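Here the structure is laid out as structure tokens; the discussion comes afterwards.
The values are calculated or read from the model by the stated rules, or taken from the named source; none is laboratory data. No experiment lies behind these values; they were computed from the predicted model shown. Here the Cβ positions follow ideal geometry from the backbone for every residue, glycine too, while neighbour counts run over all protein chains shown. For the accessible areas, the whole protein counts, side chains as well, though only heavy atoms, and no ligand, DNA or RNA atoms are used. Shrake-Rupley method; radii C 1.70, N 1.55, O 1.52, S 1.80 Å.
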Amino acid sequence: MKALLLSEYNKLDVTNEMPRPLPGPGEVLIRIAACGICGSDVHGYDGSSGRRIPPLVMGHEAAGIVAEVGDGVRRFAVGDRVTFDSTVYCGECEYCRTGDVNLCDNRQVVGVSCGDYRRHGAFAEYVVVPERIVYRLPDELAFTEAAMLEAVSVALHAVRVAALSGGETALVIGAGMIGLLTLQAARARGCSRVFVADIDPSRLKLARDMGADEVMDASGQALIAEVHRLTGGKGVDVVLEAVGRNETIAGSIDSVRKGGTVVLIGNITPEVKLPLQKVVSRQIRLQGTAASSGEYPEAIELMRTGAIRVGPLITAVAPLEDGPRWFERLHRGEPNLMKVVLTPTTTGAAAS
Ligand SMILES: NC(=O)c1ccc[n+]([C@@H]2O[C@H](COP(=O)([O-])OP(=O)(O)OC[C@H]3O[C@@H](n4cnc5c(N)ncnc54)[C@H](O)[C@@H]3O)[C@@H](O)[C@H]2O)c1
Ligand SMILES: [Zn+2]
Ligand SMILES: [Zn+2]
């Protein structure tokens, strides 16, 4: 089959020589119609993250059509339009049994190789995944948009772990892919006012288009001052931090009200300085969030109804053959690129 193979770091080859995988018991073979390029793929491509050890077919944000089912698969049949969770969880460990599948002890990620395992992903005509991570797509949802469901689920999970009760004022820091989806997730989950901060005006324009009540082209003290002005000096109930740098973590802690929650989504740097006494004395809850656990059905429904829109976040839809060129552009950090979706197959219904 055709695939985009990371044959060595910084080198992607379009090959027709990849063996087509076979679905084992409980597995589903999916013909891939669309697969998004994730930031983590770009960081894996050059070897910096150590999580895409070549040779590997990357790609975990995908949608397509069931092409074959293995023994014992009951919920899906050939021809079903589907997507799948990027996390392959075991379904049996202590965490899986209580529904925290993102914390699975035996967790693997589709399209990752990291020394412990190698699991080829969806920048290919076909991929095999276990039935338990597969979800059916409504006909209204185009495959290219469905490829964004993984990121939408991340955003919904981040808002879920904030444990909101409705009516909160929220600040999203970082209007990248994840921040802009988190903004929409916070609205969908009942926040009354959502502010968005970034230092890139083009991102803030998107935030405004996607429903932000206020946008702030500010960081550091200027941001904190603006948040306090808008909240009568109190601070917001919840900050959803989608960057992960010293200045944005400090800004989060100074922008949240006493007793409020900061959800830590961004982790662009591995370590940050923590203003410990502020966190302790103002009794702030710092809450991490990892991937998603069970948000796919809600993500599908919110996209189907238009409550969450991903169209404006898709920069380009391109054939798999253009993959090497798009990886190069994303890796160079070319401005104004958001999501690039590759389409390994385009025949028949897969083109929709
Ligand atoms: N927790 C999870 O499960 C999870 C899942 C996916 C991504 N992430 C993380 O979320 C973060 C964001 O991902 P993304 O895909 O949206 O990245 P992105 O590059 O699209 O967006 C980052 C945004 O942060 C902005 N920014 C940078 N410095 C800033 C500052 N000082 N103040 C305000 N804004 C600033 C940039 O202008 C950009 O718009 C990354 O760290 C990523 O690793 C976490
Ligand atoms: Zn991803
Ligand atoms: Zn498990």
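Rank G50, G36, G179 by mean-square fluctuation in a GNM of the chain with C-alpha springs under 10 angstrom and give only the top-ranked residue.
Residue with maximal mean-square fluctuation among G50, G36, G179: G50.
What do you reckon, how do H43, H331, H157 stack up by accessible area (1.4 Å probe), largest on top?
Ranking H43, H331, H157 by accessible area, largest first, yields H43, H331, H157.
What percentage of the solvent-accessible surface of the chain, computed with a 1.4 Å probe over protein heavy atoms, is contributed by carbon and sulfur atoms?
49 percent
On average, how much area does the Cα convex hull of the chain cover when viewed from any direction, in nm²?
Numbers: hull surface 68.0 nm².
Approximately 17.0 nm², given one-decimal rounding.
At 15 angstrom or more along the helix axis (alpha-carbon based) and mean Kyte-Doolittle of 0.5 or higher, what helices does the chain contain? Whole DSSP H runs only.
Those that pass (Cα extent of 15 Å or more, hydropathy at least 0.5) are 149-161, 177-188.
List the aspartates and glutamates whose Cα sits under 19 Å from the Cα of K11, skipping any in the same chain fewer than 8 residues away.
D41, D46, E321, D322, E328, E334
Among 57-67, 6-16, how do they line up by average Cβ neighbours within 10 Å per residue, starting with the highest?
On the way: 57-67: 26.2, 6-16: 14.5.
Output ranking for 57-67, 6-16: 57-67, 6-16.
Going by average Cβ density within 10 Å per residue, which order do the peptides 265-271, 83-89, 207-213, 148-154 take, highest to lowest?
148-154, 83-89, 207-213, 265-271
Averaged per residue, what accessible area in Å² does region 248-311 show with a 1.4 Å probe, protein chains only?
51 Å²
Taking H placed 1.01 Å from N in the peptide plane, check which residues at least 5 places from M58 or on another chain put their amide H under 5 Å from its amide H.
Distant-sequence amide H within range of M58: L6, G121, F123.
Per residue Cα convex hull volume for region 311-350, in cubic angstrom?
Values: hull volume 2.1 nm³, N = 40.
Considering the Cα atoms of region 311-350, their hull volume per residue is 53 Å³.
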